[in-house]
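Novice: Below is one structure. I have some questions about it.
Read the figures in this text as sums done on the coordinates, not as results from a lab. A quick note: this is a predicted structure, and the numbers were derived from the prediction, not measured. Glycine also receives a Cβ, built like all others from the backbone with ideal geometry; neighbour counts cover every protein chain displayed.
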Amino acid sequence: MSGVMVPPGNRYFCTASRGTERFLAEEVCLKLSASNVEQISGKVFFTSEADLKKLKSLKCAERLFLLVKKLPPLQIPGYRGKGIYVLQKCVIGEPSQWLNSVSTWENLQDFHKPEEQTLGVTENGLKRPSQEENNETKTKREKLDSDLDEAAVTAPDKSPTGQSDLLSKTQGNRQERVTASQSTLPPDEPCKPTNESDTTRMSFRVSCRCSGKMAKRFTAQELGRAIGVALAKEMGWKAELRNPTLEVFIHLSDIHCVVGIPIVRLPLASRDYIKNVRSEE
């Protein structure tokens, strides 16, 4: 039987500070039981079946990416327009490869959702009210309703308009409480898109980095914009620079062309246990 056996798992790469690549390679082997580990300057590539929790436990890594493709240095024609076209074709490649990568990325995000929900924090950084807070709000609302009902019954009616004034005031207070209580309820229901196209068109942005000869011919912004236009046309996605659903990372150098998708938004290096220690004078 001919052919090369492909190890199970997903292909990832991590960025690392110069000089720490060897330690990161040892860590992924030890913690993630990684295979096909390859280290180059500033990056470590590996294959692993580990879940997101284990992936995020890496301490020598700066950023973690799902590898979409890793290509040899691109041979770009001298003509500028032709060079950008060749670059677009090489980076985009087959749509099926992107669909498989995005599907893998979504599976990793779905695994992480229950953990995020237990933190009681929404994506916008707003703390969700706890069950105790909801019960306390409900108790106060019921008590206030009882007081207002009692006031409406026992209040003296010395004028023909007294009953209607008190009734309108009571209803106004109740309406204000209903509006306020609705704003404090936990967002259990997800926001539904306004139309069907929102569910089919994924928002994305391209972060491009150039070095070596490529940086002398093109700027990162120019290549990122060109690749983003081609990717949106090929996949039907929507470009969104501020808050995209998906980010595409591209590094073009004299050594390779690397395309990846960040697994988490924040760098792994942003950890709570890292403290800033002031040197004693």
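Novice: Holding the Cα-Cα limit at 25 Å, pick out from LYS69/LYS233; LYS82/LYS213; LYS56/LYS213; LYS59/LYS213; LYS53/LYS233 the pairs that are longer than that.
Specialist: Numbers: LYS69/LYS233 19 Å; LYS82/LYS213 17 Å; LYS56/LYS213 34 Å; LYS59/LYS213 33 Å; LYS53/LYS233 34 Å.
LYS56/LYS213; LYS59/LYS213; LYS53/LYS233, as the Cα separations exceed 25 Å there.
Novice: Using the Karplus equation 6.51 cos²θ - 1.76 cosθ + 1.60 (θ = phi - 60°), what ³J(HN,Hα) coupling, rounded to whole Hz, does each residue of segment 232-240 give in order, writing x for Gly and Pro?
Specialist: 5, 5, 6, 9, x, 7, 10, 6, 9
Novice: Tell me the relative contact order for segment 7-61 as a rounded percent, counting alpha carbon contacts under 8 Å between residues six or more apart.
Specialist: 46 percent
Novice: Grab the other residues whose beta carbon is less than 12 angstrom from that of ALA25, score K and R as +1, D and E as -1, and report the net.
Specialist: That sum, taken over residues with Cβ under 12 Å, equals -1.
Novice: Within 10 Å of each residue's Cβ, count the other Cβ atoms and sort PHE23, PHE13 from fewest upward.
Specialist: Ordered by Cβ neighbours within 10 Å, fewest first: PHE23, PHE13.
Novice: What does the net charge come to around MET214 if you take all other residues with beta carbon closer than 12 Å to its beta carbon, with K and R at +1 and D and E at -1?
Specialist: Details: positive: ARG209, LYS213, LYS216, ARG217; negative: GLU222, ASP254.
Computed value for this residue: +2.
Novice: For LEU246, what residues show an amide H to amide H distance below 5 Å, using hydrogens built from the backbone and excluding near sequence neighbours?
Specialist: Close amide H contacts, sequence-distant or interchain: SER203, PHE204, ARG205.
Novice: Something else: Under 5 Å between amide H atoms, partner at least 5 residues away or on a different chain: which partners does VAL264 have, H built in plane at 1.01 Å?
Specialist: LEU64
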